[in-house]
Structure formats: C-alpha cells, structure tokens
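One structure is given below, encoded as structure tokens.
The values are calculated or read from the model by the stated rules, or taken from the named source; none is laboratory data. Everything quoted here is computed from the prediction, not taken from an experiment. With ideal geometry, Cβ positions are generated from the backbone for all residues, glycine too; neighbour counts draw on all protein chains shown. These area figures cover heavy atoms from the full protein model, side chains too; ligands, DNA and RNA do not enter into them. Shrake-Rupley method; radii C 1.70, N 1.55, O 1.52, S 1.80 Å.
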Amino acid sequence: MRKVKTVKIDGENVFMFNSAIYIFEAGSRYTLELDMIVSEIVLKKYGHLENLIIEIEMEDGEVISTIMHLRGLVGGGLPQLNLYSEMYDLEDYGGFQIVNENDVSFPNIEEGISLEEIRKVEMPNEKINLKLHLPINQTEWLAKQGKNLNGIMKEAIYDYWKKNLK
C-alpha cells in the first residue's frame, strides 16, 4: 500500500497520526479514499464541512490535488477524517491498493494509537460554565482575576490531580 507523507486541507498542513489511501471499489464505481487519524482540534475544524480542497504528498514525491468529500463521521474510536473523491480514470492512480468492503486487507488506521497519545500532541480546550457557592471574599477575588482565571483553574486542577490520583 502506498504511504502518505503530508496532507494539506484548504492550503493548511494537517498533522496526521496515521493514514491510509486506497481505491474503494463498489460495483463498477471507484473512489479514491483517504482515512486519517487526526487530533480533536482538526476534526472540529474540518469535520462539519462537506467539500475540502486536499493536497496529498505521497512518500515517493507524487502530489495529488483534488476536491474530496467528507464521509459521515465514525462514532466512538479515535478522531478521524474519512474523505473520498470520485474517480473517472483508474489508470491515473497506479500503485494504489484496490479494496472493497468485504476485503480482508481493509486498512485499520487506529491500531497502535490512543487518544492519550493524540492529546499529548494537540490538547483541545473546551468551554465550561461553572456555578459555585463561595464565600464573598473568594467571589470578589475571582471576579478581579479576569483573563487569569483560566490559568488559575488549570493550575488548581492539575495540583488537585497530583495530590489525589496517586
């Protein structure tokens, strides 16, 4: 199977943890498929778009530029983008593995990767609203912290984890 070196989506480099590129055969129809394990941040940025301009650099130096469509998101598992584009001339894609849904050699790109490893490279931030009942002096102090409040909360949580997760 040919290997992907880099991928750009809409001109921006995307960090991949693993990928597979292949030709999917469904009856007499063929599609070029690109499956990538990405970070949750990349998934959030591109996972809702229908059409993406993709530039794929293969390890052998070949560059494929095409418009690809996002296949429905896979539930559970690791964050991934499953992209495809219609193929009209199979001869333009020599050397790519051809698979179908019953093929035993269907690529498993999740093997050997964990969500923890992905988050070590790119940790997403989520917005959270908290309702607390605190003494007035703590409430006043927190209100004065403004933008520093995020840092204070992160540090307090990490300190708490260190003390209580032993």
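Assorted remarks:
- Counting only residues that are in a strand (DSSP E or B), open to solvent by 20 Å² or more (accessible area, probe 1.4 Å) and either of a type in the set (S, T, N, Q) or over 28 Å from Glu126 (Cβ atoms) (or both), the range 5-48 holds 10 of them.
- Within the range 103-117, the presence of a residue that is over 18 Å from Ile37 (Cα atoms) and more than 31 Å from the chain's Cα centre (by Cα) is excluded.
- Count of the range 111-165 residues which are outside any helix (DSSP H, G or I), farther than 30 Å from Phe17 by Cα and open to solvent by 90 Å² or more (accessible area, probe 1.4 Å): 5
- Looking across the range 19-51, the residues that are among the hydrophobic types (A, V, I, L, M, F, W, C) and touching a Phe, Trp or Tyr at 6+ places or on another chain (Cβ under 6 Å) come down to Ile23, Ile37.
- Scanning the range 54-65 for residues that are open to solvent by less than 50 Å² (accessible area, probe 1.4 Å) and hydroxyl-bearing (Ser, Thr, Tyr) turns up nothing.
- The range 85-97, residues that are open to solvent by 50 Å² or more (accessible area, probe 1.4 Å) and modelled with pLDDT of 85 or more: Glu86
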